[in-house]
Amino acid sequence: MRYPDGGGLTAKQRAQRERVRFEAAEMFARGVPPPEVAKRLRVSRKSAYAWHARWREEGQDSLASKGPSGFPSRMRPQWRAWLEAELERGPAAHGWSEDQRWTLARVATVIARQFHVRFSLKHVSRILHQMGWTVQTPVHRAAEHDEQAVATWVKEVWPRVGKP
């Protein structure tokens, strides 16, 4: 199954789905058939039948969440604290003085220098997102930018060309 954010479920979403499966198990124990369980819980009949088969063969514990899929990240919690402090110091503190923007490649380089572990740019993006860092688009203004000319254009030219 694919998810829109490119990843799996959050811990909260996994817990919610587990609660639904356990509720289904309680209904099965009361003798409610899978099609009725599917209807009441608003899940597919296929899921209800699969849960019923697992519940019947292995018991309610077989419907528990198995946790997040995939390999666990090699990025340790103590590394995240260190990385947070280093990101706050800025790129210049790490040798990038030409501009003051963090890029995924730069963050990956800082991590690799400190911990001797290489992460893909996609994984670095995921780590930063989990840490609460978001993509920032710097505001660039042309050196020739003239506020007065822009205001005049918006006021006089745009009404003529902007509307069909």
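The values are calculated or read from the model by the stated rules, or taken from the named source; none is laboratory data. The shown structure was predicted, so the numbers you read here are calculated from the model rather than taken from an experiment. Glycine also receives a Cβ, built like all others from the backbone with ideal geometry; neighbour counts cover every protein chain displayed.
Key figures
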read-out	value
Output for region 31-52, where each listed residue is in a loop (DSSP other than H, G, I, E, B) and hydroxyl-bearing (Ser, Thr, Tyr)	44
Selection from region 62-74 of residues that are among the hydrophobic types (A, V, I, L, M, F, W, C) and in contact (Cβ under 8 Å) with a residue 12 or more places away in the chain	63, 64
Close pairs from region 75-99: first assigned by TED's automatic domain parsing to the domain that holds residue 124 and within 16 Å of residue 112 (Cα to Cα), partner charged (D, E, K, R) and modelled with pLDDT of 90 or more, Cβ under 9 Å, at least 6 apart	91/106; 93/86; 94/86; 94/106; 94/113; 96/106
Odd one out for residue 151, checked against (1) surrounded by 12 or more Cβ atoms within 10 Å (Cβ to Cβ); (2) among the hydrophobic types (A, V, I, L, M, F, W, C); (3) part of a helix (DSSP H, G or I)	(1)
Residue among 18, 57 that is of a type outside the set (S, T, N, Q) and either at pLDDT below 95 or in contact with an Asp or Glu (Cβ under 9 Å, 6 or more places away or on another chain) (or both)	18
Filtered residue count, region 96-127, keeping only those that are buried (at least 16 other Cβ atoms within 10 Å of the Cβ), not charged (D, E, K, R) and not in a loop (DSSP other than H, G, I, E, B)	10
Which listed residue is farther than 30 Å from residue 27 by Cβ and either in contact with a helix residue (DSSP H, G or I) (Cβ under 6 Å, 6 or more places away or on another chain) or surrounded by fewer than 11 Cβ atoms within 10 Å (Cβ to Cβ) (or both), from 130, 78, 60	78
